[in-house]
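J.: Handing you a structure now.
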Amino acid sequence: MAVTIEVYHQDDQWHVRREGESEPLSSHATKDAATVAGRDAARRESAELVIKNADGTIAQKDSHGHDPRNVPG
């Protein structure tokens, strides 16, 4: 099963966690700082990164591993 790292907003802070876990890996004052930390975690774990807006909608998705090899481009 592929790991997903998510960046999300809760309690006036931005957090990074593995999807499905309740405890964040880290907490940050800004979305930019959380995104940098989330991207680093996703690279380390060859995971999908999901960056959410403050309202919980998905702003961006990035894959850091496990990409299909037969995709042109």
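Derivation of every value follows stated rules applied to the coordinates shown; laboratory data play no part. Everything numeric here is computed off the predicted structure, so don't read it as measured data. Heads up, the Cβs are rebuilt from the backbone with ideal geometry, glycines too, and the neighbour counts pull from every protein chain shown.
J.: Give, in nm to one decimal, the length gained when the segment between VAL3 and SER46 is fully stretched (0.36 nm per residue of separation minus the Cα-Cα distance).
T.: On the way: separation 43, 0.36 × 43 = 15.48 nm, distance 0.77 nm.
The span from VAL3 to SER46 would gain 14.7 nm if fully extended.
J.: For a Förster distance of 22 Å, can you work out the FRET efficiency between the beta-carbons of GLN10 and LYS61, rounded to the nearest 0.05? Please list the in-between numbers first.
T.: Details: r = 19 Å, r/R0 = 0.88.
Plugging the Cβ-Cβ distance into 1/(1 + (r/R0)^6) gives 0.70.
J.: Let me ask another. Under a point-charge model restricted to the Cβ atoms of Lys and Arg (+1) and Asp and Glu (-1), what is the dipole moment magnitude of the chain relative to its Cα centre, in debye to the nearest 20? Could you put the intermediate results ahead of the total?
T.: Values: 9 positive and 13 negative charges, 60 e Å.
Computed about the Cα centre, the dipole is about 300 debye.
J.: Can you list the residues, at least 5 places off or on another chain, whose amide H is less than 5 Å from the amide H of ALA47, using H built in the peptide plane?
T.: Placed amide hydrogens put HIS64 under 5 Å from ALA47.
J.: Nearest 10 degrees is fine. How inclined is helix 31-44 to the longest principal axis of the chain, computing both from alpha carbons?
T.: Its long axis makes an angle of about 40 degrees.
J.: Set Lys and Arg Cβ to +1 and Asp and Glu Cβ to -1, take the dipole of the chain about its Cα centre, and tell me which of TYR8, ALA59, SER46 lies farthest positive.
T.: After comparing all options, I get SER46.
J.: What residues qualify as long-range amide H neighbours of LEU25, i.e. H under 5 Å apart, gap of 5 or more or another chain, H built at 1.01 Å from N?
T.: Under 5 Å from the amide H of LEU25 lie the amide H atoms of VAL16, ARG17, ARG18, each far enough along the sequence or on another chain.
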